[in-house]
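Participant: Let me begin by handing over the structure; questions about it come next.
Values quoted throughout were computed directly from the atomic coordinates according to the rules given, and no laboratory measurement underlies them. Note that the structure is predicted; figures quoted are calculated from it, not measured. All Cβ positions, glycine included, derive from the backbone under ideal geometry; neighbour counts span all protein chains shown.
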């Protein structure tokens, strides 16, 4: 990040300038959005699912504990709120821009990789039997014993998208980025032994982990799907954060963010 005099570079005075400096990055973000839409439209690979394999895929079909619409709130809106609060404290448009851009890259790159793997692998979900045969009556090919699904096509399509977990990868992408961001702002690695700071940094990670656990509890994913999603989201988020900010233990990665304010924010987020 460039050296700036705090309070002098606001969205109004320098917002357009910093955005135009990164105009190609914003165009790439738009491209990622288009790719993400395409990956969700195309049909995933329909892996062979034999009659005997169905014995392990008969978990009940139920609603999501964390609905799809809640994932962007968890992965993006919560971090955005923190970024904006910090901006009003420091009036640093460069920090705000890089935080938002880095977060969007983390989430969208993770989304594209996740959905590309989903479509290519075609792993059936744990509740695949009831997606395929909503009436509970299995129909199989005479020779190969592969499934002949009789359920709703949209539900069946989602049934082939188990690996990796999208809820988990998106949540970890956004919240791991937030954890990196907070660790720099509250000086979590200043080696003064304030464990309370680490608790604040770990809070977003706990939320992301609970989202992942809910995917197994809801029988929408196998544990391997959640583990892979968490690893993917965390890795991409780390790369994206370090692309825009120095490591939080670096002297340039440290900025004052009042600890009491962070504690108050954690009660509401």
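Participant: Students often check this: by mean Cβ neighbours within 10 Å, which of 83-91, 103-111 ranks highest, and how do the rest follow?
Facilitator: Taking the mean over residues of other Cβ atoms within 10 Å, the ranking is 103-111, 83-91.
Participant: Follow-up. Using 0.36 nm times the number of residues separating residue 30 and residue 68, minus their current alpha carbon distance, what extension gain do you get?
Facilitator: Gain in length upon complete extension: 11.6 nm.
Participant: Would you mind calculating the gained length between residue 249 and residue 152 on full extension (0.36 nm times residue separation, minus the Cα-Cα distance), in nm to one decimal?
Facilitator: 29.7 nm
Participant: Normalised radius of gyration for region 110-172, please: alpha carbon Rg relative to 2.2 N^0.38 Å, two decimal places.
Facilitator: 1.26
Participant: Which order do the peptides 117-125, 228-236 take when ranked by the mean count of other beta-carbon atoms within 10 Å per residue, highest first?
Facilitator: 228-236, 117-125
Participant: Also, quick follow-up: Please work out the Cα center distance from region 52-97 to region 212-252, rounded to the nearest Å.
Facilitator: Cα centroid of region 52-97 versus Cα centroid of region 212-252: 12 Å apart.
Participant: A follow-up question, please. For the pair residue 206 and residue 55, what calculated FRET efficiency results from E = 1/(1 + (r/R0)^6), where r is the Cβ-Cβ distance and R0 = 30 Å, to the nearest 0.05?
Facilitator: The computed FRET efficiency comes out at 0.30.
Participant: Taking region 61-157 as the region of interest, what is the percent of Cα-Cα pairs per 5 angstrom bin, listed from the shortest bin to the one with the maximum distance?
Facilitator: P(r) over region 61-157, rounded to whole percents: 2, 10, 13, 14, 14, 10, 9, 8, 6, 5, 4, 2, 1, 0.
Participant: Ranked highest first by average number of other Cβ atoms within 10 Å, how do 61-74, 183-196, 165-178 line up?
Facilitator: 165-178, 183-196, 61-74
Participant: Sticking with this one: Determine by what factor the alpha-carbon radius of gyration of region 165-214 differs from 2.2 N^0.38 Å, reporting the quotient.
Facilitator: Working it through for region 165-214, the quotient is 1.22.
Participant: Give or take rounding to whole Å, what are the principal axis extents of the alpha carbon atoms in region 50-104, in descending order?
Facilitator: 61, 19, 12
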